[in-house]
């Protein structure tokens, strides 16, 4: 029997030929990969329709056997995987042509494209087909793309600029793939090795010169930020402390009596209980000057106080050093700007980052800020360290000079204060004299103290300062408040109290506030004892006598003569403004001979008249008022010898001094 036995059934050669033709036709018609089981099901259904109810059911293995034979004989072209998955040759050829065409045109192909072409292992497929290519995470690229990327990065480095590699790579390439590609770029690797470039954000190549320029510009911004933040923190602390101070001051004000009556004795007792430390700066008037030799005439008690205060200050410094390191680290961490601030400043300084191909500027700016922040922190610390070293000697010299000036000026202030006792029975004149002393000698001390403490504060914080001009003008009230608020919190509160007392009406109140500030600053205030007072009065008398002898201006001469008379009569160094000269002259009536007092009164009356004429005179020099002024000045000049004779005829020490 001629036939084919399979699956328990015998098939005639004609039937086998007919079914083989059906299998061959069906599989040749397939152009895409397919599961053969589905093809055999379709053929079984077709045979049943052709043979009707009498037809024999054909098993799928029969189709498979015929199919295998056809493949073996080469009548069907393709490949079988796992026995049932058929990929026709025409499809494989189309796959190859599609991949080759895309890769040759674009120098890259994504794995996603191969997956759509039903290539199950795209990376392995491409590596086997293109051994010279580079397999990345998401795409497969040709070496020519590395050459293009290397050239673009090299140009950016040479031009001291930057480049985002994603801007020259295909959109399928991610930042990680770009980073891997950069590792194959020879010029980029040479630049990295020689520190001429760096890579940030995986895909951005920046020239070292470009980063250095940003760093230099950010250094200035960072310094400004740190200083302003420190100042704001100090101001906040000062305002809180000032609020507490104002509250305490209001409470204490209810306990204070009448300012013009019994205040002085109580304040003097309080001042004596407090140990002083000095500070001050101002241009002293000629009548207020003290020879430099007096700086070296401290009493034994003052020397002891100085030693005690210096020892106390030394112990305070050692205590501060013990916890200084941890405190400094916390302070630096608090004041150094964070990355968000640095990012904002970078965008402000380099606005091109937002318009040169960056989809999201923060992909570069945040890594750049992270890279720059430690450098900025180290730079600030090194700069502060260098400035601290340079400023150490300046700070010492500054405080030493301040102490010397303060010793001199505060002794003068105490000397002039003693003369105010003579006018305590006349409240109106007393207020004028107190205000005058506060606006002159006391203001000079405060100005010098505030300016020097401000310089010391800046030097301590690593800020460069310029030496103050020796003949600088007096500070205004607003300037003093600004200087006071710029100091450390504890000093600032006391400095504001001094400025407030300076605007008051009593020298004693000012002295108490000044002592508190000087003590807080670590300096000393030298108290005026009997020995120093005699020395200062002698020097003051000698200097004032010289000024009177050489003075030729009648208006300037009168207050000097009055001061010298008070020194001879009362042994007091009176500092009187023009408004108080009349009262001062009147009080000398009982102490001088009638003729001498008459000369003094006549000269004072003529001086007042001359000043009134000058104030009311028109600008025309040929007017009648000009003649009257000239006449009155000639009268005063004629009286100058008599006026000088009142104080120069007797150069011996006064009775009170003896």
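Test residue 43 against the criterion of being in a helix (DSSP H, G or I), modelled with pLDDT under 80 and not assigned by TED's automatic domain parsing to the domain that holds residue 120, and give yes or no. The answer is no for residue 43.
Name the residues in the range 589-605 that are touching a helix residue (DSSP H, G or I) at 6+ places or on another chain (Cβ under 6 Å) and without any contact (Cβ under 8 Å) to a residue 40 or more places away in the chain, would you? Don't jump to the end; show me each part of the working.
Here is the first cut: in the range 589-605, the residues touching a helix residue (DSSP H, G or I) at 6+ places or on another chain (Cβ under 6 Å) are 589, 591, 596, 599-600, 603-604.
Within the range 589-605, 589, 591 meet the criteria.
When the range 356-370 is limited to residues that are touching a strand residue (DSSP E or B) at 6+ places or on another chain (Cβ under 6 Å) and modelled with pLDDT of 85 or more, the one that is surrounded by the most Cβ atoms within 10 Å (Cβ to Cβ) turns out to be 368. When residue 118 is tested against (1) free of Cβ contacts under 8 Å to residues at least 60 places away in the same chain; (2) over 30 Å from residue 210 (Cα atoms); (3) surrounded by fewer than 16 Cβ atoms within 10 Å (Cβ to Cβ), only condition (1) is not met.
Determine whether the range 91-114 contains at least one residue that is surrounded by fewer than 15 Cβ atoms within 10 Å (Cβ to Cβ), under 30 Å from residue 368 (Cβ atoms) and touching a helix residue (DSSP H, G or I) at 6+ places or on another chain (Cβ under 7 Å). The answer is no, given that none of the residues of the range 91-114 is surrounded by fewer than 15 Cβ atoms within 10 Å (Cβ to Cβ), under 30 Å from residue 368 (Cβ atoms) and touching a helix residue (DSSP H, G or I) at 6+ places or on another chain (Cβ under 7 Å). Selection of helices (runs of 4 or more DSSP H) fully inside the range 418-485 by the criterion of at least 3 residues being surrounded by fewer than 18 Cβ atoms within 10 Å (Cβ to Cβ) returns 427-437, 477-485. May I ask you to verify whether residue 63 is without any contact (Cβ under 8 Å) to a residue 60 or more places away in the chain, crowded, with 16+ Cβ neighbours inside 10 Å and touching a strand residue (DSSP E or B) at 6+ places or on another chain (Cβ under 7 Å)? So residue 63 fails the test.
Has the range 168-185 got at least one residue that is touching a helix residue (DSSP H, G or I) at 6+ places or on another chain (Cβ under 6 Å), part of a loop (DSSP other than H, G, I, E, B), within 25 Å of residue 350 (Cβ to Cβ) and at pLDDT 90 or above? Checking the range 168-185: at least one residue is touching a helix residue (DSSP H, G or I) at 6+ places or on another chain (Cβ under 6 Å), part of a loop (DSSP other than H, G, I, E, B), within 25 Å of residue 350 (Cβ to Cβ) and at pLDDT 90 or above. Residue count for the range 91-115 under the criterion of being within 14 Å of residue 138 (Cα to Cα) and in a helix (DSSP H, G or I): the result is 5.
Checked against (1) part of a loop (DSSP other than H, G, I, E, B); (2) surrounded by fewer than 18 Cβ atoms within 10 Å (Cβ to Cβ); (3) touching a residue at least 24 places away in the same chain (Cβ under 8 Å), residue 575 passes all but condition (2).
Would you check if residue 398 is in contact (Cβ under 8 Å) with a residue 12 or more places away in the chain, surrounded by 18 or more Cβ atoms within 10 Å (Cβ to Cβ), under 30 Å from residue 439 (Cα atoms) and under 29 Å from the mean Cα position of the chain (by Cα)? If you could, list the steps in order and put the result at the bottom.
Details: in contact (Cβ under 8 Å) with a residue 12 or more places away in the chain: yes; surrounded by 18 or more Cβ atoms within 10 Å (Cβ to Cβ): yes; under 30 Å from residue 439 (Cα atoms): yes; under 29 Å from the mean Cα position of the chain (by Cα): yes.
Yes: the conditions hold for residue 398.
The values are calculated or read from the model by the stated rules, or taken from the named source; none is laboratory data. In this text the structure is predicted, and so the values were computed from the model without any measurement. In this analysis, Cβ positions are derived from the backbone assuming ideal geometry, glycine residues included, and neighbour counts consider all displayed protein chains.
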